[in-house]
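A short worksheet on the structure shown next.
The values are calculated or read from the model by the stated rules, or taken from the named source; none is laboratory data. Source: prediction; values computed, not measured. No Cβ is skipped: glycine too gets one built from the backbone with ideal geometry, and neighbour counts run over all protein chains shown. Accessible surface is based on the protein model in full, side chains and every heavy atom, while ligands, DNA and RNA are left aside. Shrake-Rupley method; radii C 1.70, N 1.55, O 1.52, S 1.80 Å.
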Amino acid sequence: MSYDTETLIALDREYVWHPFTPMKAWVEKADPLVIARGEGIYLYDTTGRRYIDGSASIWCNVHGHAVPVIDAAITAQLQQVAHTSLLGLANIPSTLLAKRLIDLAPAGLRKVFYSDNGSTAVEVACKMAYQFWQNQGQRQRTRFLAFDWAYHGDTLGAVSLGGIPLFHQAFKNLCFPVDLVAPPICWSCRDHQPGAACCGRTLTQLEALLQKSPDAYAALIVEPLVQGAGGMLMAPPGFLRAVRDVCRRYDVLLIADEVMTGFGRTGTMFACEQEDVCPDFMCLSKGLTAGYMPLGATLTTQRVYDAFYADPKELKTFFHGHTFTGHPLACAAALASLDLFEQNQLLSHVQAMAPIMAEELAQARGMPHVADVRTCGLIGAIELMADPAEKQPFPYHWRIGGELCTALRSKGVLLRPLADVVVIMPPLAINENDLRYLCRVAVESIVQIPHLIERKMQES
Ligand SMILES: *Cc1c(COP(=O)(O)O)cnc(C)c1O
């Protein structure tokens with residue numbers, strides 16, 4: 001494949017429609033970066049320039065790029081067979097991986113249903129939860145509970161469960177009804193204690209809905225510890241545990257969407273572990289294959305499985321599956337990644353790096369326009385506002401977060417913001433020096449904001 005960069009950029013502009021991207025700006029503004037290869041925590045563009053992959057290729061890279069062990073595992077599987085179907089057949093890596101996942105997951109999760117990505121892992125949990133009650137004869141349990149600012153993917157079921165107006169509002173008439181509850185966004189009260197005011201408010205609201213219609217709900221879905229795409233909103237300690245308890249009291253199934261938090265991101269293999277929670281469903285994707293291949297998995301309990309375990313003529317079967325369900329190449333990558341977690345003691349590494357990230361990003365506190373700095377494991381977020389004291393955001397179209405991140409390319413760093421939240425989310429294997437550099441250039445870039453504002457004012 002030998003194409004010069006100019007040609008590639010022209011072809012991209014002509015033919016590719018990018019995700020979550022205002023294409024007019026993409027086509028008319030600065031040239032896109034074309035990535036040619038990766039190595040460790042670095043990505044290289046077609047001109048040979050090197051960048052730290054500071055967003056872990058959208059939150060999924062774990063051990064770095066082109067790690068020989070993972071590449072070899074995929075190649076070895078490729079030499080056997082690339083793809084065979086789980087419809088009517090088993091295959092070697094998906095079988096072995098299912099056992100590994102169940103061994104790692106909170107005790108109580110017993111079965112693995114594969115799919116292709118995070119959205120499908122959520123769709124599966126959602127449809128299983130719904131049919132679970134249908135199969136049990138509790139046909140009135142049809143409603144779902146979720147949180148404002150939640151993000152569970154972009155397929156319509158996942159959009160139904162989503163609470164980000166910018167992403168989801170346009171599609172709400174196509175969606176099934178979901179009761180959204182205010183999340184425990186803590187930074188406004190800064191009282192990160194169990195029972196903090198925001199936490200209590202959310203739980204009261206939940207409880208009120210459940211009391212009003214105790215047997216109307218099939219399931220509640222939560223992003224454990226951190227609501228990702230909503231802006232890396234971190235729940236106070238004890239919140240997840242409290243949600244688990246409320247669900248149990250009303251026999252509402254709990255879906256833990258660990259698509260982002262799973263596989264070490266928060267410092268434990270799964271975020272649920274930190275509050276000793278076993279959900280009824282756990283949705284996995286992103287880090288599952290170390291970010292090498294698309295794969296989704298929905299883990300569930302014996303109780304859920306048993307509700308579908310019936311004579312075929314009872315029609316209790318879960319009629320759902322995707323062509324590439326349990327893809328052998330992806331499962332081989334996942335198995336190799338789990339080996340590396342052990343060999344490299346990666347969870348201990350994340351636990352050692354997390355306070356370093358917290359310490360470095362704390363330097364941004366009190367800088368002009370910094371409304372909040374928060375971290376959890378190797379998830380870092382710097383929230384920017386026009387006027388933090390008044391909680392006044394920048395005009396959306398100014399793209400302050402985006403402009404800062406684009407400017408960081410000249411420092412050899414790739415970051416992708418969530419609106420005006422600068423997200424620092426490197427591959428988990430990043431070393432201390434690189435992590436400090438990444439955090440420092442992100443913090444230092446904040447002094448550019450007054451210049452950016454001046455420019456935006458002149459432009460408008
Ligand atoms: C990314 C993400 C998804 C969607 O995963 P895709 O693979 O992009 O479909 C779902 N839930 C959470 C929490 C995510 O971060």
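Work out how much length residue 110 to residue 83 would gain on full extension: take 0.36 nm times their residue separation and subtract the Cα-Cα distance, in nm to one decimal.
Extending this stretch completely gives an extra 7.2 nm.
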State the Kirkwood hydrodynamic radius of the chain in Å, one decimal place, computed from all pairs of distinct Cα atoms.
23.1
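Counting only protein heavy atoms, what percent of the accessible surface of the chain is carbon or sulfur at a 1.4 Å probe?
Values: 11660 of 20880 Å².
For the chain, the apolar C and S fraction of the accessible surface comes to 56 percent.
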Of 27, 72, 59, which is farthest on the positive side of the dipole of the chain, counting Cα position, with +1 on Lys and Arg Cβ, -1 on Asp and Glu Cβ, and the Cα centre as origin?
59
Tell me which residues come under 5 Å, amide H to amide H, from residue 296 once H is placed; ignore anything under 5 positions away on its chain.
115, 116, 117, 326
Around residue 413, which amide H atoms from residues at least 5 apart in sequence, or from another chain, sit under 5 Å from its own amide H, with H modelled in the peptide plane?
52
Over the chain, average the accessible area per residue using a 1.4 Å probe and give it in Å², no decimals.
45
Along the range 71-76, what does the Karplus equation 6.51 cos²θ - 1.76 cosθ + 1.60 (θ = phi - 60°) give for ³J(HN,Hα), rounded to whole Hz, x for Gly and Pro?
4, 5, 5, 5, 4, 4
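Within the chain, what percent of beta bridges assigned by DSSP are antiparallel, to the nearest 5?
Working: 32 of 48 bridges.
Percentage antiparallel, nearest 5: 65.
Sort 284, 86 from largest to smallest accessible area, using a 1.4 Å probe on the heavy atoms of the protein chains. Walk me through the numbers on the way to the answer.
Numbers: 284 0, 86 50 Å².
Largest to smallest exposure gives the sequence 86, 284.
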Simple label model, 7 Å out from Cα along Cβ direction - residue 344 to residue 176, nm
3.9
Return the subset of 111/316; 286/391; 24/286; 29/411; 99/313; 172/316 for which the Cα-Cα distance in this structure is over 23 Å, preserving the input order.
286/391; 24/286; 99/313; 172/316
Relative contact order for the chain: what is it in percent, counting Cα pairs under 8 Å that are at least 6 residues apart?
20
Amide H to amide H under 5 Å from residue 219: which residues, 5+ apart in sequence or cross-chain, H placed 1.01 Å off N in plane?
145, 253
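What's the longest piece of the chain with no exposed chymotrypsin sites (Phe, Trp or Tyr not before Pro), counting a site as exposed if DSSP puts it in a loop and it has at most 15 other beta carbons within 10 Å?
Details: sites that count: 3, 17, 20, 309, 319.
Longest site-free region, per DSSP loop and neighbour criteria: 21-308.
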